[in-house]
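First comes the structure, then the notes that go with it.
The values are calculated or read from the model by the stated rules, or taken from the named source; none is laboratory data. Given the structure is predicted, the values throughout are model-derived calculations rather than measurements. Heads up, the Cβs are rebuilt from the backbone with ideal geometry, glycines too, and the neighbour counts pull from every protein chain shown.
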Amino acid sequence: MGEPDGLEISIDFSGRDPVIVLAGYVDQSTTQKLRDALTEVIDRNHDRLTVDVAGVTFMDSSGIGALATAYKRGAHVTVRHPTPTVMRELVMCGLDRLIAIN
């Protein structure tokens, strides 16, 4: 993926709602990077955000926890393009009932 920690993140603020694009894997070693990106968006007073996970090859419960924390902070979170691996985690943790998925 080009980064030593296995997760690349870019944030696109050009649209009405910011889009956080992830590529690589999200686990305990990379989750803080995701939390930081989510916090950056929320701290810029965006209450709606999209997380594009099409490039995510693996996500464990720590990544789900980061998304849940953004939701608990009042953000309307949409997860876009979940792979079967990510979708399975969203469903197992019940987050699919709290956030939008498309």
Odd one out for residue 20 among (1) exposed (fewer than 15 other Cβ atoms within 10 Å of the Cβ); (2) under 10 Å from the mean Cα position of the chain (by Cα): (1)
Selection over region 58-99 where residues are of a type in the set (A, V, I, L, M) and touching an Asp or Glu at 6+ places or on another chain (Cβ under 9 Å) yields a count of 7
What number of residues within region 65-74 satisfy the criterion of being surrounded by fewer than 21 Cβ atoms within 10 Å (Cβ to Cβ) and not polar (S, T, N, Q)? 6
Expected single match for surrounded by fewer than 16 Cβ atoms within 10 Å (Cβ to Cβ) and touching a residue at least 60 places away in the same chain (Cβ under 8 Å) among 80, 97 is 80
Can you spot a residue in region 46-63 that is surrounded by fewer than 18 Cβ atoms within 10 Å (Cβ to Cβ), part of a helix (DSSP H, G or I) and aliphatic (A, V, I, L, M)? no
For region 64-78, enumerate the residues that are β-branched (Val, Ile, Thr) and either in contact with a helix residue (DSSP H, G or I) (Cβ under 6 Å, 6 or more places away or on another chain) or not in a strand (DSSP E or B) (or both). 64, 69, 77
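Every residue, every condition in (1) aromatic (Phe, Trp, Tyr); (2) within 16 Å of residue 96 (Cβ to Cβ), yes or no:
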| residue | (1), (2) |
| --- | --- |
| 19 | no, no |
| 27 | no, no |
| 30 | no, no |
| 68 | no, yes |
| 71 | yes, yes |
Any chance residue 30 is of a type in the set (Val, Ile, Thr) and at pLDDT below 95: no
